[in-house]
Amino acid sequence: MKPTLALCTSLLALSAAAGAAPPVAGQIAKAGLPLSIRDDVAAPALKNAEADVPPQTTLVPPPLPRRASDRRISQPALDSIQTFAGTRPFVHTSVAEGTIASYGSDLVSVHSASGARIERTPNSSLSIVRNYQLAYSHSRDGGHSWTSAYLPPLPGSTATLGFGSVDVDRNGNFYVGGIGVSAAGERTVTVNKSLNGGRDFGAAGPVDSSGRVDKSWLAVGRDPRRPQRDNVYLTWVSFDDSSGASVLRFARSIDGGRNFTVSTVFAPEPDPELANPQNVVQFPMVTTDPSNGKVYIAFLQFGFVAQDYLRIHESDDGGETFRPVTFHVPGAPNAEVYPVTQPGTATECGAFAQQGPDGQVFYVPNTLLTLHAGTDLGGSASGAPRYQHATRVNLQPALAASRGSLHLAWSNSTSTAFGDPQSGARIHYLRSRNGGATWSPAQIVDTSGPADARQVMPAIALGRNRPARNAFVAAQPQEVHISYYAQLPDGSIVRRLAQSNDRGESFPLRNIRQLSDAPSTLAPSNTPLADAANPYRTTHYNRLKGACTSLGDYAGISVDAGTVHSVWGDSREQLTQPVDPLDPISGQVHARESVFYRALPVL
């Protein structure tokens, strides 16, 4: 039975009135529930095996050959299965979250991976000796064939944490931003560089490790004062676990990624009115205007009730200083924010056992907004629904700029209630023709389907070709391309591409094409695994991934030579879970994630 809005609303009210369990680090109190806003909140721990038996490592077999216009680009060599006696198997598969950049016939997609290597220590415990969670796929023939490899970590380190994004300069050098772990164990914003068209990347270089860094994004763009030089820009958020607050950070390199200057762009203060923008920001992305070198950062600022707020900050001096772009939305708390409601159903994806000062154990729900399929399993700690097949969604903005025009897309709930299970979600789009001084009314990109249809995770690109060296004299692009997921009535998911040919004035339904040749079914990412210590515990089939993480937080798009290149997380393929009496889905055939690509001509 699908929970009703009235039921969820009463649950939230009861939770708040009764004094809900306090959030743990990486969570905020959102509409009466502890909402997890960082991937490391639910990092699973290894459990020791009971016997000293050598592991068996088996590569996940490649899919059967397919004659289709889309294709898997994350190669099977990235995936493996490890089994140890006395503990559940470790199924290491790619988890999507891809971006893409192109330069001539060279294409590079950066995506999350699951490159863990687990070994038994002399005392028979299990240890992760390598954990590469950031990989790339490269094509040298315009997307017809692909190879894949892990991104090298920081020197002396054996771990990368993902959150990758890729861009390319006007000389064909590719840059990857991500989050890694230093040799000293610090979470660090990193950059890898390729000097040979994306075939190989050098070791990661450190950018910043202040606070608890999360969600980095990279862009390359021309310097506003020296138009022939390209700068490398990164943005990310940094959390203070003692207060739960986060700040927006930024870095710039003017020497091809060798050195970076780092600054804090935005550090909001708490507001006593909980519905107003608060001191927590997340999901940043950075882009540049190739015509003038302006830098823009779009991100989300949380409120603690139902609505959250989009913001954009701009710089016309290459990131030395920033100022907020204004929206002037009537009724908004201030002129600099655009009120939004995040998409998805408030879902319990396991819970954390905590011990209070009195020694009593209590449980903090791991609440995420999700797309899901199947029925509510029940039995949650919070009263919120639990779905075995679910993927987290959020409001990651997508922003593109050219010749002073800004194009902003995001997924917005059709309800103003946070986590409303009956809500739909649509891709919204705003444009400004004057650098953000004024904005068009928001429009829905794709109006097809029933009222509760859900469309999430947009990516955006402009024009027909990648910006040339003399982009500052190029004409204004007419084309706006937006890709996104759409959930079908049966719960499966497809990737679509919408195109405007009038600079964003309209997105005709005839210009909406399906990128994925086959729909995806959601993987079992939230299977109950109760034990004596935690009756609300759940697990992903890939047990090193957090519950309800499946298709990632974003997807990628780029345009070159009259072609739109798109990458996305896809779970149409299947695998058989190893047979093991300790595994709740032992022997079951289920969906598994990988990264898919398609090229379509510009209409």
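The values are calculated or read from the model by the stated rules, or taken from the named source; none is laboratory data. Since we're looking at a predicted model, the values are computed, not measured. Here the Cβ is made from the backbone with ideal geometry for all residues, glycine too, and neighbour counts use every protein chain on show. Note: accessible area is taken over every heavy atom of the protein model, side chains too, but ligands, DNA and RNA are not part of it. Shrake-Rupley method; radii C 1.70, N 1.55, O 1.52, S 1.80 Å.
Worth a mention:
- Summed over region 404-416, the residues that are touching a Phe, Trp or Tyr at 6+ places or on another chain (Cβ under 9 Å), more than 11 Å from Q342 (Cβ to Cβ) and of a type outside the set (A, V, I, L, M, F, W, C) give a count of 1.
- Some residue of region 288-306 being within 23 Å of N231 (Cα to Cα) and either among the charged types (D, E, K, R) or free of Cβ contacts under 8 Å to residues at least 24 places away in the same chain (or both): yes
- Note on region 298-336: residues that are open to solvent by 40 Å² or more (accessible area, probe 1.4 Å) and in a strand (DSSP E or B) total 2.
- Out of Q443, Q476, Q499, sole residue that is surrounded by fewer than 18 Cβ atoms within 10 Å (Cβ to Cβ) and in contact with a His (Cβ under 8 Å, 6 or more places away or on another chain): Q443
- Number of residues in region 153-180 that are open to solvent by 20 Å² or more (accessible area, probe 1.4 Å), in a strand (DSSP E or B) and not hydrophobic (A, V, I, L, M, F, W, C) equals 1.
Residue by residue, here is whether (1) part of a loop (DSSP other than H, G, I, E, B); (2) farther than 27 Å from T345 by Cα; (3) under 24 Å from the mean Cα position of the chain (by Cα); (4) hydrophobic (A, V, I, L, M, F, W, C) holds:
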residue	(1), (2), (3), (4)
S448	yes, no, no, no
A451	yes, no, no, yes
Q478	yes, yes, no, no
Y485	no, no, yes, no
A498	no, no, yes, yes
R503	yes, yes, no, no
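- Qualifying residues in region 404-436 (those that are under 19 Å from T288 (Cβ atoms) and assigned to a loop (DSSP other than H, G, I, E, B)) - the one most open to solvent (accessible area, probe 1.4 Å): R433
- Region 346-362: number of residues that are modelled with pLDDT under 95, in contact with a strand residue (DSSP E or B) (Cβ under 6 Å, 6 or more places away or on another chain) and either under 20 Å from P441 (Cβ atoms) or not small (G, A, S) (or both): 5
- Qualifying positions in region 52-99 - open to solvent by 20 Å² or more (accessible area, probe 1.4 Å), modelled with pLDDT of 90 or more and closer than 20 Å to L600 by Cα: R71, R72
- Long-range neighbours under 7 Å by Cβ, at least six apart or interchain, first residue assigned to a loop (DSSP other than H, G, I, E, B) within region 348-369, second surrounded by fewer than 22 Cβ atoms within 10 Å (Cβ to Cβ): G356/F362
- Listed conditions (1) open to solvent by 20 Å² or more (accessible area, probe 1.4 Å); (2) out of contact with any His (no Cβ under 9 Å at 6 or more places or on another chain) are all met by H389, apart from (2).
- Residue among P339, P343 that is under 30 Å from P421 (Cα atoms) and either surrounded by 21 or more Cβ atoms within 10 Å (Cβ to Cβ) or at pLDDT below 95 (or both): P343
- The residue that is nearest to R249 (Cα to Cα), among those in region 186-212 that are buried (at least 24 other Cβ atoms within 10 Å of the Cβ) and out of contact with any Pro (no Cβ under 9 Å at 6 or more places or on another chain), is V207.
- Only one of the listed residues (V295, V220) is within 21 Å of T188 (Cβ to Cβ) and open to solvent by less than 30 Å² (accessible area, probe 1.4 Å). That residue is V220.
- In region 574-601, the residues that are on the phi > 0 side of the Ramachandran plot reach residues that are open to solvent by 10 Å² or more (accessible area, probe 1.4 Å) and at pLDDT 95 or above with C-beta atoms within less than 7 angstrom, at least six apart or across chains, in these pairs: G587/T576; G587/V579.
- Scope region 428-444; condition closer than 21 Å to S506 by Cβ and either polar (S, T, N, Q) or in contact with a Lys or Arg (Cβ under 9 Å, 6 or more places away or on another chain) (or both); matching residues: R431, S432, R433, N434, T438, W439, S440, Q443, I444
- Region 558-603 - residue that is over 26 Å from the mean Cα position of the chain (by Cα) and among the hydroxyl-bearing types (S, T, Y) and, of those, least open to solvent (accessible area, probe 1.4 Å): S586
- Where a residue in region 528-555 is closer than 25 Å to V456 by Cβ and in a loop (DSSP other than H, G, I, E, B) and its partner, wherever it lies, is modelled with pLDDT of 95 or more and of a type in the set (K, R), with Cβ under 7 Å and at least six apart: C548/R392; T549/R392
- Flag for Q282 being open to solvent by less than 20 Å² (accessible area, probe 1.4 Å), at pLDDT 95 or above, closer than 30 Å to G404 by Cα and assigned to a loop (DSSP other than H, G, I, E, B): no
- Within region 100-147, tally of residues that are open to solvent by 30 Å² or more (accessible area, probe 1.4 Å) and in a strand (DSSP E or B): 12
- Residue check for D200: of a type in the set (D, E), in a loop (DSSP other than H, G, I, E, B) and within 25 Å of A555 (Cα to Cα): yes
- Any chance A183 is open to solvent by 50 Å² or more (accessible area, probe 1.4 Å) and among the aliphatic types (A, V, I, L, M): yes
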